[in-house]
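The values are calculated or read from the model by the stated rules, or taken from the named source; none is laboratory data. Since this is a predicted model, take the numbers as computed values, not measurements. Cβ sites come from the backbone with ideal geometry, for glycine too, and all protein chains shown count toward neighbours.
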Amino acid sequence: MALIKSISGFRGTIGGTPGTNLTPVDIVECTAGYGQWLLAQNPKPKVIIGRDARISGEMVNQLVCQTLIAMGIDIIDLGLSTTPTVEVAVPIENATGGIILTASHNPKQWNALKLLNHKGEFISADDGREILDLVAQSKFEFAGVDSFGEYREDSSYIDKHLKMIFDLPEVNVSLIQSRKWKVVVDCINSTGAISVVPMLEKMGCEVISLFDDLSGDFQHNPEPLESHLQDLSQAVVREKADFGITVDPDVDRLAFMMDNGKLFGEENTLVVVADYLLGQHKGPAVSNLSSSRALKDICLKHGVEYFASAVGEVNVVTKMKEVDAVIGGEGNGGIIYPGLHYGRDALVGIGLFLSHFANADQSLSEFRGSYPEYSMIKDKIKLEPGLDLDPILGSLNQKYKDYPLNTIDGLKINMEDRWVHLRKSNTEPIIRIYAEAPSTQEARKLVDDIKSAILELA
């Protein structure tokens, strides 16, 4: 069981005792800290709330909404929604901020409060520290009965979000409609069922949906990795579908399953979208340090610059704004297209990916062959309480000092045709270890060597 209060929000497992898990007490305190931060900016704030379908969502939603109302803050509750939908709603409603109730890819016992600023973007590290200080000091002020915030519901925003995507000149809806694809969608019993499925239907696809009951009772590990997607793989082959699509519970990560039942590779979602957009608009691309080097290859192909950021959406967005990037994202299938908004968005990713694929007279498995081939291993080590990662990183710096090293986020060791990156997770009590190489065996060896070195030094 866990509770993580960080500069990016508040995440934990539901139940247990206050201060160690995400209990009602912790939810109220964290919400009040965010509310107090908003009140310092605007005497009458307005906040957009939306949630994924996980089991604890309604309970957390009520606690969050009523806490903010008690502080005199107005609420627009989108109900069951997606992370990118809440993000686009904030500026449209001229809101002061937003909260997304989702623990993304974490299992069903987890939930979280993801905090947005007035632009509908994740709060900065400095803002996060201010909110953490307010929570730690319990510096909250609640309104009198005549000054409570107002509450209203608005379930229209997924449709508005989809219209914004369809209106993008880069999304060729008519061409996609002409392909009449048969698609299997794994909705993970969350809000992909009310966003991805209708989006594909509006684009002329025949859709077969799996796990679409909105119960939040995830039928498999919700992280969209190949080992978790056997039902999707089997359904694509059994139904003779053109491809499959899966998203995480809050619909900000995107992965495709090929017609042969093999994963296209969530790392390659961004690569394909970047290839499409950079062919139309010249400019830089950005991904984080743990993302595939294939994006750099695509940038070289189009004669544009590639930049790497620290891991985390807010870091990618900061770098994208700094270099005026055309496209950016993370190798976990997170597409950030500034032409719509600065946030990971599986829905705009679908529109852009399919607009590119629709131009190819190929199956998706054949289309995959036109992109760089790398193998990546994503592993982790449980972070034991009290373990200090910094001395371990220092020792590894010395061990690999003859290689180009990047230390802006943990340690990334770059080699001629491969790399390995280790860092402490922002969302779980683990050390993440990612490696990429020409073959799976070589990537696995990189990970195993680093894991052995960490365990020796711990």
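Applying the criterion of being over 10 Å from the mean Cα position of the chain (by Cα) and buried (at least 24 other Cβ atoms within 10 Å of the Cβ) to the residues of the range 250-261, the residue that is nearest to residue 223 (Cα to Cα) is 255.
The set of residues in the range 425-458 being aliphatic (A, V, I, L, M), surrounded by 20 or more Cβ atoms within 10 Å (Cβ to Cβ) and part of a strand (DSSP E or B) consists of 431, 433, 435, 437.
For the range 374-405, a residue qualifies if it is under 23 Å from the mean Cα position of the chain (by Cα), closer than 25 Å to residue 294 by Cα and not small (Gly, Ala, Ser), and the qualifying residues are 374, 376, 377, 378, 379, 380.
If you go through the range 124-174 and keep only what is surrounded by 11 or more Cβ atoms within 10 Å (Cβ to Cβ), more than 30 Å from residue 19 (Cβ to Cβ) and in contact with a strand residue (DSSP E or B) (Cβ under 7 Å, 6 or more places away or on another chain), you end up with 150, 153, 154, 155, 157. Would you please list the contacts, defined by Cβ atoms under 8 Å and residues six or more apart or on different chains, that run from a residue in the range 17-42 that is surrounded by fewer than 21 Cβ atoms within 10 Å (Cβ to Cβ) to a residue that is aliphatic (A, V, I, L, M) and modelled with pLDDT under 95? Sorted first by the residue in the range 17-42, then by its partner, the pairs are 19/3; 20/1; 20/2; 20/3; 21/1; 21/2; 21/3.
Of the residues screened, residue 266 is not one that is surrounded by fewer than 19 Cβ atoms within 10 Å (Cβ to Cβ) and touching a strand residue (DSSP E or B) at 6+ places or on another chain (Cβ under 6 Å).
When the range 293-322 is limited to residues that are in a loop (DSSP other than H, G, I, E, B) and under 16 Å from the mean Cα position of the chain (by Cα), the one that is surrounded by the most Cβ atoms within 10 Å (Cβ to Cβ) turns out to be 311. Of the residues 331, 351, the single one that is under 28 Å from residue 424 (Cα atoms) and of a type outside the set (Phe, Trp, Tyr) is 331. All conditions in (1) modelled with pLDDT of 95 or more; (2) within 13 Å of the chain's Cα centre (by Cα) hold for residue 274, with the sole exception of (2). Looking at (1) under 25 Å from residue 86 (Cβ atoms); (2) touching a residue at least 60 places away in the same chain (Cβ under 8 Å), can you tell me which one residue 280 breaks? So residue 280 meets the others, but not (1).
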